[in-house]
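The values are calculated or read from the model by the stated rules, or taken from the named source; none is laboratory data. Worth saying up front: this structure is predicted, and the values here are computed from it rather than measured. Note that each Cβ is placed from the backbone with ideal geometry, even for glycine, and that neighbours are counted across all protein chains shown. Ligands, DNA and RNA are stripped out before the accessible areas are found, and what is left, the full protein with its side chains, is counted by its heavy atoms. Shrake-Rupley method; radii C 1.70, N 1.55, O 1.52, S 1.80 Å.
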Amino acid sequence: MTLPLEGKVAYITGVARGQGRAHAIRLAEAGADIIGMDLCRHIDGIEYTLAEPADLEQTVKEVEALGRRMVWEQGDVRDPDFLAHLAQRGKDELGRIDFVIANAGVMPLYGPRSNERLAWNLALDVLLTGAMNTVEATYPHIVEQGDGGSIILISSMAAVQPMMRTEIGHSMGNIGYAAAKAGVVNLAANYASLLAGDRIRVNTICPTGVHTPMVDNDMVKHFYDNVAGPEDVKVLVPAIPIDMVESIDIANAAYWLCSDDSRYFTGSTMRIDGGAFLR
Ligand SMILES: NC(=O)c1ccc[n+]([C@@H]2O[C@H](COP(=O)([O-])OP(=O)(O)OC[C@H]3O[C@@H](n4cnc5c(N)ncnc54)[C@H](O)[C@@H]3O)[C@@H](O)[C@H]2O)c1
């Protein structure tokens, strides 16, 4: 039986754990080979642990266990030359690039350093410039192939709903995160417009809280348990009675965006938020 994405190749950033790993596995299950990267080291100013090399190796193991190939390297989405090198290497080894998921991210929202200018800069550099770098490194390959593709930028509900409700939640990192994710929605619209003629679709996914190490950590727990007031905890609360969504919920949406079932869906934002937008 032919799998729906057999013969296709997906380029995914931040692939070592969390949503990035879920994307790699979901697309590999559907038959795609993977080009993946992750920083896998600490960033000064980020007050929770980022992925480690062993996390990236685990993703590779799981993709290969599905019988798919994976070209992967440690690197930084803030480094356009690295991203371009990986795209070329991935294309040389796997033959093509059809899908891109700009997923790598940091969340410098809370903690003692979140109100430094550094937190604003990190959010903009990793989330917004990193997404732009990822698209720039990959889309010319998809255009050159001539048979279309799908680019997905992972934004956030923070792009469309304010995260700061009181001075307690006010930080450079918080507004930086929201501004970067809003910028990502604009990036997607512009690339969608640019690339529509090449049948390359570009969309954003805006998740509410997703159960990953980005939010399941001491930094966030300390804020909610010891710092936040009753008003601050009201952000991004789903209307459907759940706490958060899971990585697979985002990966299923990304799979649909890669599949032909969404062939005329472009320039759009998908909220996977359990109805948080309604509240
Ligand atoms: N978890 C949530 O609640 C939530 C909600 C909405 C949107 N998002 C977004 O989803 C995306 C995935 O996040 P996640 O929830 O899987 O978190 P995560 O922390 O588990 O995964 C993010 C990955 O990005 C990697 N990374 C960080 N900086 C990098 C860099 N400069 N270069 C390359 N890799 C880098 C990390 O090492 C990590 O493996 C992010 O863009 C995040 O902002 C997350």
Would you point out which residue out of Ala123, Ala159 is within 12 Å of the ligand (Cβ to nearest atom) and surrounded by 24 or more Cβ atoms within 10 Å (Cβ to Cβ)? Ala123
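Wholly within segment 168-279, which helices (runs of 4 or more DSSP H) include no fewer than the required count, namely at least 3 residues that are farther than 26 Å from Ala10 by Cα? Explain how you work it out, then say what you get.
On the way: elements: 172-195, 218-222, 247-258.
Counting at least 3 such residues, we get 172-195, 218-222.
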Taking Arg78 as the residue in question, decide whether it is surrounded by fewer than 17 Cβ atoms within 10 Å (Cβ to Cβ) and basic (Lys, Arg). yes
Output for segment 112-151, where each listed residue is part of a helix (DSSP H, G or I), touching a residue at least 24 places away in the same chain (Cβ under 8 Å), over 23 Å from Ser268 (Cβ atoms) and of a type in the set (Asp, Glu): Asp125
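Within segment 41-56, how many residues turn out to be touching a strand residue (DSSP E or B) at 6+ places or on another chain (Cβ under 7 Å) and under 16 Å from Val71 (Cα atoms)? Steps first, please.
Going residue by residue through segment 41-56, those that are touching a strand residue (DSSP E or B) at 6+ places or on another chain (Cβ under 7 Å) are 51, 53, 56.
From what is left, the residues that are under 16 Å from Val71 (Cα atoms) are 53, 56.
Total meeting the criteria: 2.
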Residues Asp260, Asp249: which one is within 12 Å of the ligand (Cβ to nearest atom) and at pLDDT 95 or above? Asp249
Evaluation of Asp232 against (1) at pLDDT below 95; (2) among the charged types (D, E, K, R); (3) more than 17 Å from Pro108 (Cα to Cα) (one fails), failing number: (3)
Of the criteria (1) more than 22 Å from His23 (Cβ to Cβ); (2) hydroxyl-bearing (Ser, Thr, Tyr); (3) touching a helix residue (DSSP H, G or I) at 6+ places or on another chain (Cβ under 7 Å), which one Thr269 fails: (1)
Close pairs (9 angstrom Cβ cut-off, 6 or more residues apart or separate chains): closer than 25 Å to Ala192 by Cα in segment 153-176, open to solvent by 30 Å² or more (accessible area, probe 1.4 Å) and hydroxyl-bearing (Ser, Thr, Tyr) anywhere: Ser155/Thr269; Ala159/Thr269; Val160/Thr269
Looking at segment 38-50, I want the residues that are farther than 19 Å from Leu83 by Cα and have a partner that is near the ligand (Cβ under 6 Å from one of its atoms) with Cβ atoms under 6 Å, at least 6 apart or on another chain. Which pairs are those? Ile46/Val106
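Out of all the residues in segment 47-68, which are away from the ligand (no atom under 12 Å from the Cβ) and not acidic (Asp, Glu)?
If we filter segment 47-68 for residues that are away from the ligand (no atom under 12 Å from the Cβ), which is where we start, we get 47, 57, 60-68.
The answer is Val60, Lys61, Val63, Ala65, Leu66, Gly67, Arg68.
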